[in-house]
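Here the structure comes first, spelled out in structure tokens, and everything after it is commentary.
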Amino acid sequence: MGDGRTVLLLSGPNLNLLGQRQPEVYGTATLDDHVKTAQAAAESHGLDLEHVQSNAEHELVDAIHGARGRCAAIVINAGAFTHYAWAIHDALASFDGVVVELHISNPNAREPWRHTSVVAPVANGSIMGFGGAGYRLAIDAVAGLL
């Protein structure tokens with residue numbers, strides 16, 4: 001299961017636009033702000049954090065493959081890939097560490113197409129709807145499961 005200390009934070013498509021894109025839904029904090037929140041939470045638990053953001057599904061799949069045997073956990077906000085990216089589902093299913101699904105908004109309170117997650121079935125749990133605080137909550141969850 002990796003070194004027991006490294007958490008991979010994955011950010012999917014359009015999350016690079018946080019702070020600009022739909023602030024009424026996603027808030028005004030940037031992705032960098034959220035990564036800093038996760039980094040501080042990781043440090044408080046004695047964990048190392050790596051972050052990868054990509055708008056390309058294959059890059060996220062490659063990052064998950066690269067975490068196998070190296071990272072203890074993955075926290076993933078897959079963005080819109082959450083709802084249909086079976087390649088991400090399959091990659092996460094091959095990861096032997098903790099997986100936490102993360103969303104800033106609550107997809108279940110939004111459009112019906114957002115109600116299905118292909119990540120949830122291969123995650124230990126999901127954190128959604130708590131805004132930027134979700135990043136701290138996700139790292140706290142990882143630490144509690146490790």
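For the stretch 6-25, how many residues are among the aliphatic types (A, V, I, L, M) and either exposed (fewer than 15 other Cβ atoms within 10 Å of the Cβ) or in a helix (DSSP H, G or I) (or both)? Full working, then the answer.
We begin by selecting, within the stretch 6-25, every residue among the aliphatic types (A, V, I, L, M); these are 7-10, 15, 17-18, 25.
Next, only the ones that are either exposed (fewer than 15 other Cβ atoms within 10 Å of the Cβ) or in a helix (DSSP H, G or I) (or both) stay: 15, 17, 25.
Counting residues in the stretch 6-25 that are among the aliphatic types (A, V, I, L, M) and either exposed (fewer than 15 other Cβ atoms within 10 Å of the Cβ) or in a helix (DSSP H, G or I) (or both) gives 3.
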Take PHE130 and decide whether it is among the aromatic types (Phe, Trp, Tyr), in contact with a Lys or Arg (Cβ under 8 Å, 6 or more places away or on another chain) and under 19 Å from LEU9 (Cβ atoms). no
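Considering only the stretch 82-89, I want to know if a residue exists there that is β-branched (Val, Ile, Thr), more than 17 Å from ILE139 (Cα to Cα) and either in a helix (DSSP H, G or I) or touching an Asp or Glu at 6+ places or on another chain (Cβ under 8 Å) (or both).
Restricting attention to the stretch 82-89, the residues satisfying the condition of being β-branched (Val, Ile, Thr) are 82, 88.
Remaining after also requiring more than 17 Å from ILE139 (Cα to Cα): 82, 88.
Right, trim to either in a helix (DSSP H, G or I) or touching an Asp or Glu at 6+ places or on another chain (Cβ under 8 Å) (or both) and you get 82, 88.
Yes: the stretch 82-89 contains one or more residues that are β-branched (Val, Ile, Thr), more than 17 Å from ILE139 (Cα to Cα) and either in a helix (DSSP H, G or I) or touching an Asp or Glu at 6+ places or on another chain (Cβ under 8 Å) (or both).
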For PRO107, the lone unmet condition from (1) modelled with pLDDT of 90 or more; (2) more than 18 Å from LEU9 (Cα to Cα) is (1)
Can you tell me which of ALA41, ALA93, ALA80, ALA72 is under 21 Å from LEU145 (Cα atoms) and surrounded by fewer than 17 Cβ atoms within 10 Å (Cβ to Cβ)? ALA93
Scan the stretch 53-70 and give yes if some residue there is part of a loop (DSSP other than H, G, I, E, B) and within 17 Å of GLY134 (Cα to Cα), otherwise no. no
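The values are calculated or read from the model by the stated rules, or taken from the named source; none is laboratory data. Computed from a predicted structure; not experimentally measured. Here Cβ is always computed from backbone atoms with ideal geometry, including for glycine, and neighbour counts include all displayed protein chains.
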